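Novice: Before I ask anything, here is the structure I am working with.
Every read-out reported here was derived from the displayed coordinates using simple, explicitly stated rules and does not represent laboratory data. Keep in mind that what you see is a predicted model, and the values were worked out from it rather than measured. Cβ placement follows ideal geometry from the backbone for every residue including glycine, while neighbour counts extend to all protein chains displayed.
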Amino acid sequence: MVTLGDYLFVSGLLFTLGFAGVLLRRNLIIIFMSLELMLNAANLSLVAFSRFRTNSLGQPNYDGQVFVFFIITVAAAEVAVGLAIIVALYRARRTTHVEDINSLKF
Amino acid sequence: MIPAPFLEIAVLTWGLILLMVDAFAGKTDRRGVAIAGILGLLVVLAASFFLTPPTPAAASGFWSFYTADPLAIFFKRFALVTTILVLVMAIDYAPAIRMGVPAANPHAGLGEFFTLPIFTCVGLMWMASAIDFVMIFVSLELVTMSFYVLVSFTRRNPATLEAGVKYLILSALSTGFLVYGITWIFGVTGETNLTQIGTVLATQEIDKIPLLFGIALVLVALGFKIAAVPFQIWVPDVYQGAPTPVTAFLSVGSKAAGFVVLLRVLTPFLMLPQVGRLLVGVAALTLIYGNFAALPQSNLKRLLAYSSIAHAGYLLIGVVTFSGAAVAYYLVAYLLMTLLCFAVLVVVGNSGGSDQIEDFAGLAKRSPFLAFAMLIGMISLAGVPFTAGFLGKFFIFDAAIRQHQTMLVVIGVITVGCGFYYYLKVVRAMYWLTPPADSQPVPLSALSRLTMTLLIAAIFVLGVYPQPILNALDQPAARATISMFR
């Protein structure tokens with residue numbers, strides 16, 4: 001029997017993987033993928049919470065599932081804008097590595 | 001009488017119409033789009049004074065996502081005024097946009113640059129009214145995503161593109177934290193509505209550890225928006241690289257919206273003592289870092305970026321002491337003086353080409369009016385008496401002393417001293433250094449001169465007569481909202 005804890009563990013693992021990817025990887029595209037992974041970790045735990053936190057009639061809490069749709073939509077829009085900016089950067093600099101993006105002093 | 005949601009619908013529709021006009025306008029001058037945008041927003045601003053009062057019992061359906069309390073109305077007007085001023089700056093900034101966007105048509109990109117702030121304004125207005133985490137998330141993303149495009153707008157300039165990418169990655173990261181934090185709050189309480197969450201927290205015995213984890217993640221995300229230490233790393237680079245009107249918009253609009261959401265989100269959670277202690281620490285760190293890192297800056301945009309971090313620290317003192325009126329007044333003062341400084345910076349930067357402080361040398365001899373406007377902006381930011389900036393700090397410290405936050409007051413007063421040094425450095429450059437031999441007077445359009453005059457007047461009027469702002473929030477319903485923070 002798969003419990004709520006199992007789902008939350010996998011979702012936590014996905015979130016950690018995504019965050020580690022953002023911190024450790026040096027390619028902008030991979031970093032962007034990792035960011036999407038973090039959003040999907042949230043989706044997974046939202047669906048799990050929604051399924052296991054039932055009301056008195058035994059129905060799932062649909063608020064969480066509706067929120068997932070909003071997150072998916074927003075993530076798609078974010079990818080569209082984000083990839084466009086990364087493509088523009090690649091055209092200007094011929095690179096997508098974060099080490100090469102350092103003309104502004106830190 | 002107009003129902004409150006119509007304000008956003010009107011702004012959104014006007015933005016879409018202007019975008020369509022721009023698409024079919026061919027080679028005509030696009031400044032008309034900006035003027036039309038400003039006029040449209042002014043009409044909506046006027047309409048916001050004729051709203052139907054919200055019915056108290058309406059807290060279901062749409063009204064469980066959206067509120068029209070005085071705090072929300074106040075920040076809707078705040079967003080509208082900010083956007084109008086940013087559009088005025090954007091008109092002055094048009095030549096730089098033409099150079100920064102690669103296209104055959106000389107007007108390419110200008111229309112979008114003038115309409116995107118209008119869509120950001122819609123997001124800011126929705127954010128002011130959002131009382132449900134779903135609504136907060138969606139409106140926050142609307143604001144953030146239009147800022148992605150605006151920050152990297154002049155994509156021929158490598159610095160701008162770099163700022164855009166940094167903003168993109170770090171904002172998307174903060175979105176990830178926000179969503180995951182909301183997930184845990186939802187998991188513990190079973191609600192996304194802030195009022196319902198408050199009810200659940202007050203009535204039911206719940207697990208504190210996952211709840212605090214969720215709140216911490218949400219606070220991290222909001223910390224990014226308001227530029228609080230340790231989530232301020234993106235601010236100096238993005239502020240320096242972005243087109244100047246966008247920097248102004250980011251530092252005022254984005255920050256104010258972050259503070260509204262912070263006030264709303266914290267309402268149900270302030271009974272948890274851990275949250276209060278965490279915020280005191282963040283406020284102290286933000287004050288110290290922002291003020292001390294600003295000391296050695298030689299680029300004015302970067303200086304204003306650090307100053308914006310420092311002001312987030314003062315605002316956080318107001319949040320910690322639960323004084324909604326002091327935060328609102330400080331944000332208005334911050335709007336006036338920051339936008340005044342950026343307006344001068346846009347005009348001077350256009351004629352000189354860079355934003356180094358040394359380019360302001362002898363500005364008082366070249367363009368006395370611009371130098372005077374910058375002087376007023378700077379002394380108000382520093383907090384000289386009889387300016388709005390002074391009263392803002394006064395209300396914040398007053399609230400802190402009443403709540404016995406002595407440590408924050410001490411740090412605040414010391415850092416104000418620091419502020420005097422780096423703000424007056426700019427004044428010194430303008431009034432005491434000699435201008436370069438080949439310097440010309442800076443051309444200034446009538447619209448900008450009018451705007452700057454109004455801003456200067458507002459800084460002095462609100463500096464001696466703050467009642468209009470304080471009264472705007474001091475209505476029965478507002479008092480209820482603020483007393484929730486006590």
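Novice: Loop-only check: which trypsin sites (Lys or Arg not before Pro) in the range A:24-79 are DSSP coil with at most 14 other Cβ within 10 angstrom?
Specialist: Here the sparse-neighbourhood loop sites are A:R26.
Novice: Taking 0.36 nm per residue of separation and subtracting the Cα-Cα distance, what length does fully extending B:K27 through B:F50 add? Display every interim value, and only then the final one.
Specialist: Values: separation 23, 0.36 × 23 = 8.28 nm, distance 3.88 nm.
Full extension of this stretch gives 4.4 nm more.
Novice: Starting from the Cα-Cα distance between A:E99 and A:L4, subtract it from 0.36 nm times their residue separation and give me the gain in nm to one decimal.
Specialist: Gain on stretching A:E99 to A:L4: 30.1 nm.
Novice: Given a Förster distance of 25 angstrom, what is the FRET efficiency for A:N55 paired with B:I209, based on the Cβ-Cβ distance and rounded to 0.05?
Specialist: Given R0 = 25 Å and the Cβ-Cβ separation, E is 0.55.
Novice: Still on this structure, I have one more. Quick one: which residues, 5+ away or cross-chain, put their amide H under 5 Å from the amide H of B:Q356? H built at 1.01 Å from N.
Specialist: Sorted by chain and number, the residues that satisfy this are B:L300.
Novice: Further, regarding this structure: Please list 3J(HN,Hα) in residue order for the range B:422-427, calculated via the Karplus relation 6.51 cos²θ - 1.76 cosθ + 1.60 where θ = phi - 60°; whole Hz, with x for glycine and proline.
Specialist: Working through the residues one at a time gives 7, 6, 6, 4, 5, 4 Hz.
Novice: Among all the lysines, which ones have a C-alpha under 23 Å from B:K365's C-alpha, if same-chain residues fewer than 8 places away are not counted?
Specialist: Within the straight-line cut-off, B:K365 pairs with B:K301, B:K425.
Novice: What is the mean number of Cβ atoms from other protein chains located within 10 Å of the Cβ atom of each residue in peptide A:26-37, rounded to a whole number?
Specialist: 2
Novice: Only four residue types carry charge here, +1 at the Cβ of Lys and Arg and -1 at the Cβ of Asp and Glu. Report the dipole size of the range B:294-486 about the Cα centre in Debye, rounded to the nearest 20.
Specialist: Details: 11 positive and 6 negative charges, 36 e Å.
I would put it at about 180 debye.
Novice: Angle check, please: helix B:158-189 long axis (alpha carbons) against the longest principal axis of chain B (alpha carbons), in degrees 0 to 90, nearest 10.
Specialist: It is inclined by approximately 10 degrees.
Novice: How many angstrom separate the Cα center of the range B:279-300 from the Cα center of the range A:1-56?
Specialist: Going from one Cα centre to the other spans 34 Å.
Novice: What distance in nm lies between label points placed 7 Å from Cα along the C-beta direction at A:N27 and B:H404?
Specialist: Between A:N27 and B:H404, the simple spin-label model gives 5.8 nm.
Novice: How much of the pair distance distribution for chain B lies past 36 Å, counting alpha-carbon pairs only, in percent?
Specialist: The proportion of pairs with Cα distances above 36 Å equals 25 percent.
Novice: Shape call for the range B:294-486 from the C-alpha gyration tensor, a ≥ b ≥ c root eigenvalues: rounded (a/c under 1.5), prolate (a/b greater than b/c) or oblate?
Specialist: It comes out prolate by the Cα gyration axes.
Novice: Another question, then. With the Cα gyration tensor of the range A:4-100 giving a ≥ b ≥ c as the square roots of its eigenvalues, does the rule (a/c under 1.5 for rounded; else a/b larger than b/c for prolate; else oblate) give rounded, prolate or oblate?
Specialist: Since a/c reaches 1.5 but b/c is at least a/b, the shape of the range A:4-100 is classed as oblate.
Novice: Using only atoms on other chains, find how many Cβ atoms lie within 10 Å of each Cβ of peptide B:162-171 and report the average.
Specialist: What the average comes to for B:162-171 is 6.
Novice: Which FRET efficiency, nearest 0.05, do B:S60 and B:L16 yield, Cβ-Cβ r, R0 25 Å? Walk me through the numbers on the way to the answer.
Specialist: On the way: r = 30 Å, r/R0 = 1.18.
It comes to 0.25.
Novice: How large is Rg/Rh for the range B:145-238, to two decimals, with Cα atoms and a Kirkwood Rh?
Specialist: 1.14
Novice: Hey, can you grab everything whose amide H is under 5 Å from the amide H of B:N193? Only 5+ residues off in sequence or another chain; H modelled, so Pro and N-termini drop out.
Specialist: B:F133
Novice: Answer with one residue from B:F259, B:A68, B:A458: the one whose Cα lies farthest towards the positive end of the charge dipole of chain B, charges on Cβ with Lys, Arg +1 and Asp, Glu -1.
Specialist: B:A458
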